[in-house]
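Beneath this line is the structure, given in structure tokens, with notes to follow.
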Amino acid sequence: MQIDLDLLFTWGAIAKEYKKGEMIFGEDEIAHFYFQIIEGSIRMYNSNDEGKEFTQGYFSEGQSFGEPPLFIDEKYPATAVAFQDSKIVKLSKEKFLKILDEYPSFQKQFLVLMSRRIHSKAMTSKDIINQKPEFRITAFLNAHKKGKSGCEKEQVPFTRQEIANFTGLRVETVIRALSKMSKTNKVEIINHKIFY
């Protein structure tokens, strides 16, 4: 969802730049701010004690992220880092909630946004249950391509490691599965780049 930037700045928001890989907030930190991306992209993920990561979400220009804990006074369930150099608007929780009170149309938009995210998580969980790597990768690629026009194959902007992080697979498994998918023309691999 995107709230008008002028409105956010009127309510005291600040814009902050983050370098690629820089943390915006960490898992289990208390949620104090509403975040909206002006430019760049953000990845939210969890990691285990062995350093294995699972990507929970990927957010880009115009999107907000990390809102659920603001509504229920909980800690962030994942870590958010800049996926690329990014500029992000940051507004205090109190002022964000006052905006929602003053502008009921935003409340409805957030209800729709949260419903879409819950639905997406349910679909992702269903896809992860399927043990076939090709199915998981195809589901991820379809979700990434959703809403984009045209049937032509386009370059996938994720590395094999990032696809592994999103699908919960090992990078070696992703490499083998993509090779197999290439042989059946489900993806194209040109100069080590993936097209879907």
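Within 10 Å of each residue's Cβ, count the other Cβ atoms and sort Glu50, Glu134, Glu154 from fewest upward. Least crowded to most crowded, the residues run Glu50, Glu154, Glu134. Between Asn185 and Asp6, the distance separating the two model label sites (each 7 Å from Cα on the Cα→Cβ line) works out to 5.2 nm.
Find the percent of Cα-Cα distances in the chain that exceed 23 Å, and round it to a whole number. Percentage above 23 Å: 49. Three principal axis extents describe the C-alpha atoms of the range 68-107; from largest down they are 33, 23, 16 Å. Distances between placed amide hydrogens fall under 5 Å for Phe33 paired with Lys93, all partners being 5 or more residues away or on another chain. Normalised by the residues of the range 50-196, what does the relative contact order come to in percent, with Cα pairs under 8 Å and at least six apart? 24 percent. Taking packing as the residue-averaged number of other Cβ atoms within 10 angstrom, the listed peptides 30-36, 5-11 run from highest to lowest as 30-36, 5-11.
Rg and Dmax of the range 107-196, both derived from C-alpha coordinates alone, stand at 14.4, 48 Å.
When the helices of the chain are scored as -39500 (n - 2.57) per DSSP H run of n ≥ 4 and the total is divided over every residue, the value at 222 nm lands at -12500 deg cm²/dmol.
Backbone N atoms of the range 15-48 closer than 12 Å to the 7 Å Cα→Cβ label point of Lys75 belong to residues 26-31. Mean separation of Cα pairs under 8 Å and 6 or more residues apart, divided by the residue count, gives the range 5-124 a relative contact order of 36 percent.
Each reported figure results from applying straightforward, stated rules to the coordinates on display, with no laboratory input. None of the values given here were measured: they were computed from a predicted structure. Methodologically, a virtual Cβ is constructed for each residue, glycine included, from the backbone with ideal geometry; neighbour enumeration extends over all protein chains shown.
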